[in-house]
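The values are calculated or read from the model by the stated rules, or taken from the named source; none is laboratory data. Here the structure is a predicted model, which means the values were calculated and not measured. Every residue, glycine as well, gets a Cβ built from its backbone with ideal geometry; the counts of neighbours run over all protein chains shown. Heads up: the accessible areas ignore ligands, DNA and RNA and are worked out on the full protein's heavy atoms, side chains in. Shrake-Rupley method; radii C 1.70, N 1.55, O 1.52, S 1.80 Å.
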Amino acid sequence: MTKNDIRGLTKDSTADDVLAGIDLTGKRAVVTGAASGIGVETARSLARAGADVTIAVRNTTKGREVAADIEATTGRAVTVSELHLDEIASVHAFVTAWSGPLHILVNNAGIMDSPLAYTSAGWESQLATNHLGHFALATGLHEALVEAGSARVVAVSSSGHGSSPFHFEDPFFVRREYTPNLGYGQSKTANVLFAVEAQRRWGAEGITANALMPGGIWTGLQKHWDPEVLATLKRDAVDVVKTTEQGASTSVLLATAPELEGYGGRYFEDNREAQVVPEIYDVVYGVVPWAVDPEAASRLWDVSTALVDAELVRLGLTTSR
(Lines give C-alpha, C1' and ligand atoms only; values in the text may rest on other atoms or scores of the structure.)
Protein backbone atom coordinates (compact mmCIF):
# COMPACT_ATOMS: atom_id res chain seq x y z
CA MET A 1 0.00 0.00 0.00
CA THR A 2 1.22 3.50 -0.83
CA LYS A 3 -0.23 6.92 -0.13
CA ASN A 4 -0.61 8.30 -3.64
CA ASP A 5 -3.71 10.48 -3.27
CA ILE A 6 -4.35 12.36 -0.06
CA ARG A 7 -7.32 14.71 -0.30
CA GLY A 8 -6.46 15.53 -3.89
CA LEU A 9 -3.32 17.43 -2.86
CA THR A 10 -0.76 17.93 -5.62
CA LYS A 11 2.60 19.48 -6.47
CA ASP A 12 0.92 22.89 -6.59
CA SER A 13 -0.75 22.67 -3.17
CA THR A 14 0.51 25.00 -0.47
CA ALA A 15 1.13 24.30 3.20
CA ASP A 16 -2.09 26.16 4.02
CA ASP A 17 -3.97 23.94 1.56
CA VAL A 18 -2.71 20.89 3.44
CA LEU A 19 -3.90 22.30 6.76
CA ALA A 20 -7.36 23.33 5.60
CA GLY A 21 -9.81 22.12 8.24
CA ILE A 22 -7.08 20.85 10.60
CA ASP A 23 -6.93 22.32 14.11
CA LEU A 24 -3.56 22.09 15.85
CA THR A 25 -4.59 23.91 19.01
CA GLY A 26 -2.68 22.47 21.96
CA LYS A 27 -0.01 20.89 19.76
CA ARG A 28 3.64 21.88 20.21
CA ALA A 29 5.98 21.96 17.24
CA VAL A 30 9.69 22.52 16.65
CA VAL A 31 10.93 23.52 13.19
CA THR A 32 14.69 23.73 12.66
CA GLY A 33 16.16 26.18 10.21
CA ALA A 34 13.00 28.26 10.13
CA ALA A 35 14.71 31.62 9.70
CA SER A 36 14.61 31.28 5.92
CA GLY A 37 13.25 29.31 2.97
CA ILE A 38 10.58 26.66 3.37
CA GLY A 39 11.17 26.52 7.11
CA VAL A 40 9.51 29.92 7.47
CA GLU A 41 6.38 28.80 5.65
CA THR A 42 6.33 25.48 7.50
CA ALA A 43 6.35 27.33 10.81
CA ARG A 44 3.84 29.92 9.60
CA SER A 45 1.28 27.37 8.48
CA LEU A 46 1.61 25.29 11.64
CA ALA A 47 1.11 28.44 13.72
CA ARG A 48 -1.85 29.55 11.63
CA ALA A 49 -3.49 26.18 12.32
CA GLY A 50 -3.12 26.78 16.04
CA ALA A 51 0.15 25.05 16.99
CA ASP A 52 2.56 26.47 19.56
CA VAL A 53 5.66 26.74 17.36
CA THR A 54 9.31 27.00 18.33
CA ILE A 55 11.74 27.86 15.57
CA ALA A 56 15.23 26.54 16.26
CA VAL A 57 17.75 28.67 14.37
CA ARG A 58 21.42 29.58 14.20
CA ASN A 59 20.77 33.30 13.79
CA THR A 60 18.41 34.38 16.55
CA THR A 61 18.29 37.97 15.30
CA LYS A 62 16.93 36.78 11.98
CA GLY A 63 14.77 34.28 13.85
CA ARG A 64 13.13 37.04 15.87
CA GLU A 65 12.38 38.96 12.68
CA VAL A 66 10.73 35.88 11.20
CA ALA A 67 8.80 35.22 14.40
CA ALA A 68 7.48 38.78 14.38
CA ASP A 69 6.39 38.40 10.77
CA ILE A 70 4.62 35.11 11.52
CA GLU A 71 2.89 36.68 14.50
CA ALA A 72 1.76 39.60 12.33
CA THR A 73 0.29 37.29 9.68
CA THR A 74 -1.23 34.64 11.96
CA GLY A 75 -1.88 36.29 15.30
CA ARG A 76 0.15 33.51 16.96
CA ALA A 77 3.32 34.09 18.96
CA VAL A 78 6.34 32.03 17.95
CA THR A 79 9.21 31.07 20.27
CA VAL A 80 12.77 31.51 19.02
CA SER A 81 15.54 29.23 20.30
CA GLU A 82 19.20 29.11 19.33
CA LEU A 83 20.40 25.86 17.78
CA HIS A 84 23.65 25.05 15.99
CA LEU A 85 23.19 21.57 14.60
CA ASP A 86 26.87 21.18 13.79
CA GLU A 87 27.78 21.54 17.48
CA ILE A 88 26.46 18.79 19.75
CA ALA A 89 26.85 21.03 22.79
CA SER A 90 24.24 23.35 21.29
CA VAL A 91 21.90 20.45 20.51
CA HIS A 92 22.35 19.16 24.07
CA ALA A 93 21.51 22.60 25.48
CA PHE A 94 18.31 22.76 23.41
CA VAL A 95 17.24 19.27 24.45
CA THR A 96 18.02 19.91 28.11
CA ALA A 97 15.99 23.13 28.10
CA TRP A 98 12.93 21.48 26.57
CA SER A 99 10.17 20.35 28.93
CA GLY A 100 6.81 18.75 28.33
CA PRO A 101 5.44 16.96 25.28
CA LEU A 102 6.48 17.57 21.68
CA HIS A 103 3.90 16.69 19.05
CA ILE A 104 5.73 17.72 15.87
CA LEU A 105 9.45 17.82 15.07
CA VAL A 106 10.38 19.05 11.61
CA ASN A 107 14.07 18.51 10.89
CA ASN A 108 14.20 21.14 8.17
CA ALA A 109 17.55 22.90 8.53
CA GLY A 110 20.36 22.09 6.16
CA ILE A 111 23.34 23.17 4.14
CA MET A 112 24.01 22.22 0.54
CA ASP A 113 27.08 21.62 -1.62
CA SER A 114 29.38 23.44 0.77
CA PRO A 115 33.20 23.30 0.52
CA LEU A 116 34.93 20.67 2.62
CA ALA A 117 34.93 21.67 6.29
CA TYR A 118 35.01 19.84 9.59
CA THR A 119 33.28 20.52 12.89
CA SER A 120 35.03 20.59 16.25
CA ALA A 121 34.12 16.91 16.56
CA GLY A 122 35.95 16.12 13.33
CA TRP A 123 32.75 15.50 11.37
CA GLU A 124 32.32 16.60 7.76
CA SER A 125 30.07 19.65 7.96
CA GLN A 126 27.23 18.60 5.65
CA LEU A 127 26.78 15.25 7.40
CA ALA A 128 27.11 16.94 10.78
CA THR A 129 24.49 19.60 10.07
CA ASN A 130 22.03 17.71 7.92
CA HIS A 131 22.05 14.36 9.70
CA LEU A 132 24.03 13.96 12.93
CA GLY A 133 22.77 17.16 14.54
CA HIS A 134 19.20 16.28 13.70
CA PHE A 135 19.75 12.71 14.89
CA ALA A 136 21.00 14.00 18.25
CA LEU A 137 18.05 16.39 18.43
CA ALA A 138 15.40 13.76 17.67
CA THR A 139 16.85 11.11 19.96
CA GLY A 140 17.39 13.69 22.68
CA LEU A 141 13.72 14.71 22.42
CA HIS A 142 12.50 11.11 22.24
CA GLU A 143 10.86 11.17 25.66
CA ALA A 144 9.03 14.40 24.79
CA LEU A 145 7.77 12.80 21.57
CA VAL A 146 6.56 9.74 23.49
CA GLU A 147 4.85 11.98 26.04
CA ALA A 148 2.84 13.61 23.24
CA GLY A 149 1.08 10.28 22.69
CA SER A 150 0.87 10.68 18.92
CA ALA A 151 3.89 12.52 17.57
CA ARG A 152 5.31 13.17 14.12
CA VAL A 153 8.96 13.40 13.11
CA VAL A 154 9.64 14.86 9.67
CA ALA A 155 13.04 14.60 7.95
CA VAL A 156 13.51 17.03 5.07
CA SER A 157 15.66 15.17 2.55
CA SER A 158 16.21 15.80 -1.16
CA SER A 159 16.39 14.10 -4.52
CA GLY A 160 20.08 14.81 -4.04
CA HIS A 161 20.18 11.54 -2.10
CA GLY A 162 20.38 9.87 -5.49
CA SER A 163 23.97 11.01 -5.93
CA SER A 164 25.40 8.96 -3.06
CA PRO A 165 24.64 6.07 -0.70
CA PHE A 166 25.93 6.30 2.85
CA HIS A 167 29.63 5.38 2.93
CA PHE A 168 30.08 3.61 6.24
CA GLU A 169 33.75 2.95 5.53
CA ASP A 170 34.57 6.68 5.23
CA PRO A 171 31.62 8.95 6.06
CA PHE A 172 33.76 12.02 6.71
CA PHE A 173 35.88 11.88 3.53
CA VAL A 174 39.12 11.16 5.32
CA ARG A 175 40.37 8.73 2.66
CA ARG A 176 38.14 9.32 -0.37
CA GLU A 177 38.01 12.42 -2.53
CA TYR A 178 35.47 14.99 -1.43
CA THR A 179 33.08 16.72 -3.76
CA PRO A 180 30.30 18.97 -2.42
CA ASN A 181 27.68 17.02 -4.35
CA LEU A 182 28.70 13.68 -2.84
CA GLY A 183 28.81 15.14 0.65
CA TYR A 184 25.32 16.55 0.24
CA GLY A 185 23.98 13.37 -1.33
CA GLN A 186 25.29 11.19 1.48
CA SER A 187 23.73 13.47 4.11
CA LYS A 188 20.36 13.41 2.35
CA THR A 189 20.46 9.62 2.10
CA ALA A 190 21.11 9.62 5.84
CA ASN A 191 17.96 11.70 6.39
CA VAL A 192 15.81 9.07 4.71
CA LEU A 193 17.53 6.18 6.49
CA PHE A 194 16.91 7.95 9.79
CA ALA A 195 13.16 8.07 9.10
CA VAL A 196 13.12 4.39 8.11
CA GLU A 197 14.77 3.29 11.34
CA ALA A 198 12.98 5.80 13.58
CA GLN A 199 9.69 4.35 12.44
CA ARG A 200 10.87 0.80 13.14
CA ARG A 201 12.14 1.68 16.62
CA TRP A 202 9.55 4.22 17.70
CA GLY A 203 6.38 3.32 15.82
CA ALA A 204 4.96 1.27 18.68
CA GLU A 205 5.34 4.34 20.92
CA GLY A 206 2.94 6.36 18.80
CA ILE A 207 5.63 8.19 16.82
CA THR A 208 5.30 8.42 13.04
CA ALA A 209 8.49 9.31 11.12
CA ASN A 210 8.80 10.05 7.41
CA ALA A 211 11.18 11.78 5.02
CA LEU A 212 10.47 13.98 2.01
CA MET A 213 11.71 15.87 -0.99
CA PRO A 214 10.20 19.38 -0.84
CA GLY A 215 10.74 20.05 -4.55
CA GLY A 216 12.83 22.51 -6.49
CA ILE A 217 12.73 25.80 -4.59
CA TRP A 218 15.15 28.66 -5.09
CA THR A 219 16.36 29.72 -1.64
CA GLY A 220 19.66 30.55 0.05
CA LEU A 221 20.38 26.81 0.05
CA GLN A 222 21.97 27.18 -3.40
CA LYS A 223 24.45 29.87 -2.30
CA HIS A 224 27.46 27.65 -3.07
CA TRP A 225 26.40 26.96 -6.66
CA ASP A 226 28.19 28.46 -9.62
CA PRO A 227 26.19 31.59 -10.61
CA GLU A 228 26.15 30.63 -14.29
CA VAL A 229 24.90 27.11 -13.53
CA LEU A 230 22.25 28.51 -11.21
CA ALA A 231 21.10 31.01 -13.85
CA THR A 232 20.82 28.23 -16.43
CA LEU A 233 18.80 26.03 -14.09
CA LYS A 234 16.47 28.88 -13.20
CA ARG A 235 15.85 29.36 -16.90
CA ASP A 236 15.47 25.69 -17.87
CA ALA A 237 13.90 24.01 -14.83
CA VAL A 238 10.73 26.07 -14.64
CA ASP A 239 8.45 23.01 -14.67
CA VAL A 240 9.79 21.60 -11.39
CA VAL A 241 10.17 24.85 -9.46
CA LYS A 242 7.87 25.62 -6.53
CA THR A 243 7.22 28.61 -4.30
CA THR A 244 8.30 28.35 -0.68
CA GLU A 245 4.64 27.95 0.30
CA GLN A 246 4.34 24.99 -2.06
CA GLY A 247 7.72 23.63 -0.97
CA ALA A 248 6.58 23.57 2.66
CA SER A 249 3.43 21.61 1.87
CA THR A 250 4.84 18.07 2.01
CA SER A 251 6.60 18.80 5.31
CA VAL A 252 3.31 19.99 6.77
CA LEU A 253 1.49 16.99 5.30
CA LEU A 254 3.82 14.55 7.06
CA ALA A 255 3.59 16.57 10.26
CA THR A 256 -0.19 16.68 10.47
CA ALA A 257 -2.20 14.52 8.03
CA PRO A 258 -4.57 12.17 9.87
CA GLU A 259 -4.29 9.82 6.89
CA LEU A 260 -0.63 9.17 7.78
CA GLU A 261 -1.11 8.25 11.44
CA GLY A 262 1.20 5.29 12.05
CA TYR A 263 2.24 5.19 8.38
CA GLY A 264 5.94 5.84 8.46
CA GLY A 265 9.42 4.99 7.33
CA ARG A 266 8.59 6.31 3.85
CA TYR A 267 9.74 9.03 1.46
CA PHE A 268 7.26 11.53 0.02
CA GLU A 269 7.26 14.14 -2.74
CA ASP A 270 4.55 16.50 -4.04
CA ASN A 271 2.23 15.44 -1.18
CA ARG A 272 2.30 11.78 -2.15
CA GLU A 273 4.51 8.79 -1.50
CA ALA A 274 7.38 8.49 -3.95
CA GLN A 275 8.14 5.46 -6.09
CA VAL A 276 11.28 3.43 -5.44
CA VAL A 277 13.25 3.80 -8.68
CA PRO A 278 16.71 2.77 -9.97
CA GLU A 279 17.71 6.43 -10.28
CA ILE A 280 16.16 9.86 -9.82
CA TYR A 281 14.12 10.87 -12.86
CA ASP A 282 12.98 14.24 -14.24
CA VAL A 283 15.54 15.94 -11.98
CA VAL A 284 13.67 15.55 -8.69
CA TYR A 285 11.47 12.46 -8.61
CA GLY A 286 11.69 9.05 -6.93
CA VAL A 287 13.63 7.47 -4.10
CA VAL A 288 16.51 5.10 -4.80
CA PRO A 289 16.82 1.74 -3.01
CA TRP A 290 19.89 2.58 -0.92
CA ALA A 291 17.94 5.33 0.89
CA VAL A 292 15.19 2.99 2.12
CA ASP A 293 17.32 -0.08 2.84
CA PRO A 294 16.34 -1.28 6.34
CA GLU A 295 19.73 -2.89 7.02
CA ALA A 296 21.57 0.32 6.17
CA ALA A 297 19.07 2.26 8.27
CA SER A 298 19.69 0.10 11.33
CA ARG A 299 23.45 0.26 10.86
CA LEU A 300 23.40 4.04 10.45
CA TRP A 301 21.39 4.44 13.65
CA ASP A 302 24.01 2.50 15.58
CA VAL A 303 26.87 4.43 13.98
CA SER A 304 25.16 7.76 14.66
CA THR A 305 24.45 6.83 18.27
CA ALA A 306 28.10 5.92 18.83
CA LEU A 307 29.33 9.15 17.25
CA VAL A 308 26.96 11.39 19.20
CA ASP A 309 27.59 9.59 22.48
CA ALA A 310 31.35 9.80 22.00
CA GLU A 311 31.08 13.54 21.36
CA LEU A 312 28.97 14.02 24.48
CA VAL A 313 31.63 12.20 26.48
CA ARG A 314 34.35 14.33 24.92
CA LEU A 315 32.47 17.46 25.90
CA GLY A 316 31.82 16.21 29.42
CA LEU A 317 28.06 16.16 28.84
CA THR A 318 25.46 13.47 29.38
CA THR A 319 22.59 12.47 27.13
CA SER A 320 18.90 12.44 28.04
CA ARG A 321 18.32 9.48 25.71
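Using amide H atoms built in the peptide plane, which far-off residues or other-chain residues are under 5 Å from residue 287 H to H? Amide H to amide H, under 5 Å and 5 or more residues apart or across chains, residue 287 pairs with 275, 276, 277.
Choose one of 98, 199, 179: the residue whose Cα lies farthest towards the positive end of the charge dipole of the chain (beta-carbon charges +1 Lys, Arg; -1 Asp, Glu; about the Cα centre). The one lying farthest along the dipole's positive direction is 98.
Close amide H partners of residue 83, meaning residues 5 or more places away or on another chain with modelled amide H under 5 Å apart, are 57, 58. Between residue 65 and residue 283, residue separation times 0.36 nm minus the direct Cα-Cα distance comes to 75.1 nm. Computed in the context of the full set of protein chains, the accessible area of the stretch 15-313 at 1.4 Å probe radius has 53% of its extent on carbon or sulfur.
For the stretch 246-260, the Karplus equation 6.51 cos²θ - 1.76 cosθ + 1.60, evaluated at θ = phi - 60°, returns couplings of 6, x, 7, 5, 5, 4, 5, 4, 5, 7, 9, 4, x, 5, 9 Hz by residue, with Gly and Pro reported as x. Listed values (i) 19.3; (ii) 21.2; (iii) 21.9 include one computed from this model; for Kirkwood radius over Cα pairs in Å that value carries the label (i). Taking the Cα centre of the stretch 15-313 as origin and assigning +1 to Lys and Arg Cβ atoms and -1 to Asp and Glu Cβ atoms, the resulting dipole is close to 400 debye. With all protein chains kept in place, the per residue accessible area of the chain amounts to 41 square angstrom at a probe of 1.4 angstrom. 3J(HN,Hα) along the stretch 297-305: 5, 5, 5, 5, 4, 5, 4, 5, 4 Hz, from the Karplus curve 6.51 cos²θ - 1.76 cosθ + 1.60 with θ = phi - 60°, whole Hz, x for Gly and Pro.
What would the Debye equation give as log₁₀ I(q)/I(0) for the stretch 33-96 at q = 0.15, 0.16, 0.19 Å⁻¹, counting only Cα atoms as equal point scatterers? Cα-only, vacuum Debye calculation for the stretch 33-96: -0.42, -0.47, -0.64. Note that the stretch 75-83 has calculated 3J(HN,Hα) couplings of x, 10, 6, 10, 8, 10, 10, 7, 8 Hz, one per residue in order, obtained from phi through the Karplus relation 6.51 cos²θ - 1.76 cosθ + 1.60 (θ = phi - 60°); glycine and proline are x.
Taking 0.36 nm per intervening residue step and subtracting the Cα-Cα distance, what contour gain separates residue 181 from residue 314 on full extension? Value of the extension gain: 44.9 nm.
Simple rule: put +1 on each Lys or Arg Cβ and -1 on each Asp or Glu Cβ in the chain, find the dipole, and look at 304, 165, 34; the Cα lying farthest toward the positive end is 34. The heavy atoms of residue 134 offer some 10 square angstrom of accessible surface to a 1.4 angstrom probe.
Potential lengthening of the chain between residue 72 and residue 204 amounts to 43.6 nm, from the contour at 0.36 nm per residue minus the alpha-carbon distance. Pairs of Lys residues in the stretch 15-313 that lie 8 or more places apart, or on two chains, and have C-alpha atoms under 21 angstrom apart add up to 6. For residue 27, the residues whose modelled amide H falls within less than 5 Å of its own, excluding neighbours fewer than 5 places apart on the same chain, are 52. For residue 159, the accessible surface of its heavy atoms amounts to roughly 20 Å² (probe 1.4 Å, protein chains only, rounded to the nearest 10). The figure for residue 11 is an accessible area of roughly 50 square angstrom, using a 1.4 Å probe on the protein chains alone.
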